[in-house]
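Quick notes on the structure that follows.
The values are calculated or read from the model by the stated rules, or taken from the named source; none is laboratory data. Everything numeric in this text was worked out from a predicted model, so none of it was measured. Cβ atoms come from the backbone with ideal geometry, glycine included; neighbour counts cover every protein chain shown. Accessible surface areas use protein heavy atoms only, side chains included; no ligands, DNA or RNA. Shrake-Rupley method; radii C 1.70, N 1.55, O 1.52, S 1.80 Å.
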There are 2 protein chains.
Amino acid sequence: PANCYDLNESLVDHAEGQHFLNEAFKIITEEVLCKGTDVKQKVCEWKEPDELALLLDLELRATGEPEHRLLQRVKDVAKYSVKTCHPHFFNQQFGGLDYHSLGGRFLTEALNTAIYELSPVFVLMEAEVLRGLRQLVGWTEGDGIFCPGGSVSNMYAINLARYQLFPEAKSKGLWSLPQLILFTSQESHFSVMKGAAFLGIGTDNVISVKVDEGGHMIPEDLDEKIMLVKSQGAVPFLVSCTSGTTVQGAFDPLDLIADVCEKHKLWMHVDAAWGGSVLFSKQHRHLMKGIDRANSVAWNLHKMLVAGLQCSAFLLKDTTNLMKQCHSATATYLFQQDKFYDVNLDIGNKSVQCSRRVDCLKLWLMWKAVGSNGLAERVDRVFILVRYLVEQMKIREGLLLLHEPEFANVCFWYIPPSLRGKEGNADYQDKLAKVAPVIKERMMKQGTLMVSYQPLGNKVNFFRLTVLSPLLSQKDMDFFLNEIERLGNDL
Amino acid sequence: PANCYDLNESLVDHAEGQHFLNEAFKIITEEVLCKGTDVKQKVCEWKEPDELALLLDLELRATGEPEHRLLQRVKDVAKYSVKTCHPHFFNQQFGGLDYHSLGGRFLTEALNTAIYELSPVFVLMEAEVLRGLRQLVGWTEGDGIFCPGGSVSNMYAINLARYQLFPEAKSKGLWSLPQLILFTSQESHFSVMKGAAFLGIGTDNVISVKVDEGGHMIPEDLDEKIMLVKSQGAVPFLVSCTSGTTVQGAFDPLDLIADVCEKHKLWMHVDAAWGGSVLFSKQHRHLMKGIDRANSVAWNLHKMLVAGLQCSAFLLKDTTNLMKQCHSATATYLFQQDKFYDVNLDIGNKSVQCSRRVDCLKLWLMWKAVGSNGLAERVDRVFILVRYLVEQMKIREGLLLLHEPEFANVCFWYIPPSLRGKEGNADYQDKLAKVAPVIKERMMKQGTLMVSYQPLGNKVNFFRLTVLSPLLSQKDMDFFLNEIERLGNDL
């Protein structure tokens, strides 16, 4: 490669670069994909942050490094990162591995393009993928876009609902509008609150609707709260339902909520970031009965469908080009009208972003690889594995479910031997609350398992396992239970 | 792989998957990285959208496809996509290729993790990269985060400025606040307008500040407009300056604007999405003199530094944890306090997103590979190439610069032979306006070159070339000029 002033040569040596990339690919394959999915290897290699910073030698310096050192860095980053593809990673609502999706992601990165102007392949592909997803919702037409995560999708819903009711919000701001109120359940995702704050609506204007024991929004409470808000002179405009809540995996009763929304003429949004994938399954899609009556849906395909972070579809029933009207800006340098092709291909103006990542290719390629049937099978499989796990938990001692799982979340307490039969003791709850954090610390430090825990309302710390990876089989479920017992039986 | 009910086996066949991935990697290397950077190959393979949809066979079906067909799809997507890494792609403010960054991106995709809880490697790495970038801004402390694009970074600035002045905005919404006004130049990026609309402030409350002929904000006009707004009873709260405007590549005079912001106690934000990279260059960082006086900076490392879409840093001078206070939500299931490690590692709550992509690894690895010196060299090289191009344009006939380039944007009209010397004709401007679109259509259909065009104010359609790729050498500049002449000399 040339120095800065030698204009005859490029600054990049292609042969060197290709060699690095080939070697890096081998390391990624070995360290992340092979070892990372091998149950004999660790899920994580825990180090104290100070020690980790030293090991990784993070400091950025003036001069570059030779290839062998850079490859060692690739290896180190892989080694000390959590293996979300590992069959014993039950910690998050993403994880698992799909080779076809990953191939699509490598291609996306290499192509390094954005969805707007002059990327006709991805404009067309995104439209087709969104069409396929809308079809599962039950809509023969409509609109949609891929967003950088479910939180942003939920914000889109809030912004569109507001704009539909008061188009002047876009130019004049909220000062020209009456006080707006939106509704969501106590157990909905915190992004609804974050979105309300970000969009200038304020968290006080998000009304929390009661849930039943299983975590489902109670439509009667919703109806009452809407009427109360109206009687106080504020303007209800949106209900954000949840299909698959974060902790319990509950599906709000969409059909009943749709009745309430119709009655009060409110925008019905469904945050199906986690649960949406049941729509692929003939057997389980009833959980979202009524979804076709929604105005908008947020659905993260990087969760149960393992499309890879991130792949968040925002789907819209609207056919009046509401999203473009709401989000567009005049930018003659970007959206010229004197192009030689159909300017409707310039979909960039539907987004509040400018250069928007290509998130459709990985999903499209995976869908092509296994078909809708294959994706349905993965969803069905999750339910079967959860059923197996729950049956095993009932046979074993010391595993107490919060409730029967409705979906892929299994919430339970591990009751160590010393606490069994002591439910009546005054300090029982305090002691139980300390069990999960200790087991979690042990599993992380030993690197054998990852599962999350949290309290919920008056329920002290419990484990929440999420089942989603297509790599899972029965022996991983058995391992999970054995390992929790091994880690906690002396507590 | 098993069927759905056979719980003894996984649904995924690792050997098949690995094979597919290896073959896909070979195709990506050959089709995108080798052919895509080969000047003897096309930049794009234009097809009419209808024809393209047929060629790609986009439809999603119930059943899956065999490996050979999927690999053909990888090949087809690569073939018909625009090659943004091609040395004759001058169309956007991204493009080029860096092999180390790309290796980091493949690793990021394979690891499939998000920056929050339990990804200590990336929490620490992001902090180090942000520290390095802040140091270039001139701050020894501060805060920051990677955002999904510069538009979102600009929104963060607006939201933080609003929150700092009126913390009650977060809970009560804008109804509790006086009318807020922000200022940006006529030639700033449209995302400032989009952000104001999205955040509930409204586009009417964005005041457009005049620019000089070169596209720089005029500080005196800013000062006057702020005083006018105050006299009308509204509350100015933010000035969004631009370092490197989209069309002309102009750098607003930051030091003079900082004086105005100090005088009126306004938040000074700098949208340096495009221009920020000059901070690496000792020779050219003077263009951003005064940047250290800003409150926040948006800087896209996927633009001139070729880190790959996307890599958008939002940098903040604040040391009071303003971003976390502004964006946090209470989510006990995510941000428990009884963890065995320092809960300050849980930086997720600084973001309005939940699962946030890892955008730091690719930049970190590239920075390690070539050092700050190597990145500075790339920036210096851009200026040298632009200088060479401009000198050649002055020697040749029919190439008219709008103005001397200040940065990496070269704005010019191609005057075809038939229009030369006809500047006085009544239809001259009309005819000139039609030249760029025709040349653009020809270059796209022949696939030889990509460069954008647009009008600006009373200036009819002109070409805007952006120079950024480290692959470029003098012969690509020569090719560019020859090709524009070849495509337009009969007009």
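A few notes on this one:
- The distance separating the Cα centre of the range A:269-322 from that of the range A:1-50 comes to 35 Å.
- Averaged over B:22-31, number of beta-carbon atoms from partner chains that fall within 10 Å: 5
- Entry note, chain A: relative contact order of 19 percent, from Cα contacts under 8 Å with a spacing of 6+ residues.
- By the helix-only formula, in which each DSSP H run with n ≥ 4 contributes -39500 (n - 2.57) and the sum is divided by residues, chain B has a 222 nm mean residue ellipticity of -12500 deg cm²/dmol.
- Backbone N within the range B:148-192 under 15 Å of label point (7 Å from B:Lys210 Cα along the Cβ vector): B:185-187
- Where N is the number of residues in the range A:77-233, Cα Rg divided by 2.2 N^0.38 Å: 1.35
- Using a cutoff of 8 angstrom between alpha carbon atoms and counting only pairs six or more residues apart, the relative contact order for the range B:103-367 works out to 27 percent.
- Between B:Leu401 and B:Ser231, full extension at 0.36 nm per residue minus the direct alpha carbon distance yields a gain of 57.1 nm.
- Cα shape, the range A:392-456, gyration tensor, a/c 1.5 rule: oblate
- Averaged over the residues of A:469-477, the number of partner chain Cβ atoms lying within 10 Å of the residue Cβ comes to 4.
- Distance between the range A:466-489 and the range B:182-227 - C-alpha centres, whole angstrom: 56
- In this structure the amide hydrogen of B:Ile207, modeled in the peptide plane, comes within under 5 Å of the amide hydrogens of B:Leu182, B:Phe183, B:Thr184, none closer than 5 places in sequence on its chain.
- From phi via Karplus (6.51, -1.76, 1.60), per-residue ³J(HN,Hα) for the range B:360-365 in Hz, x at Gly/Pro: 8, 4, 4, 5, 4, 5
- Summarising the overall dimensions of the range B:103-367 from its C-alpha atoms, the Rg and Dmax are 18.4, 59 angstrom.
- Per the Debye formula on identical point scatterers at the alpha carbon atoms of the range A:40-154, with no solvent, log10 I(q)/I(0) at q = 0.15, 0.21 Å⁻¹ is -1.02, -1.28.
- Using the Cβ-Cβ distance between B:Val390 and B:Asp76 with R0 = 41 Å, the FRET efficiency computed as 1/(1 + (r/R0)^6) comes to roughly 0.55.
- Whole-angstrom Cα spans of the range A:165-258 along principal axes, big to small: 42, 27, 21
- Cα gyration tensor shape for chain A, rounded if a/c is under 1.5, else prolate or oblate: oblate
- Packing-based order for A:157-170, B:128-141, A:58-71, using average beta carbon neighbours within 10 Å, highest first: A:157-170, B:128-141, A:58-71
- Solvent-accessible area of the protein assembly as shown (1.4 angstrom probe, protein heavy atoms only): carbon and sulfur portion equals 51 percent.
- Buried area at the B-A interface (accessible, heavy atoms, 1.4 Å probe, summed, Å²): 15200
- Projected onto their three principal axes, the Cα atoms of the protein assembly as shown cover extents of 97, 64, 54 Å, largest first.
- Solvent-accessible surface of the range A:103-367, taken per residue with a 1.4 Å probe and all protein chains present: 28 Å².
- Virtual spin-label span in nm between A:Thr319 and B:Gln41, 7 Å along Cα→Cβ: 4.3
- Three-way shape call for the range A:335-441 based on the alpha-carbon gyration tensor, with the a/c threshold at 1.5: prolate
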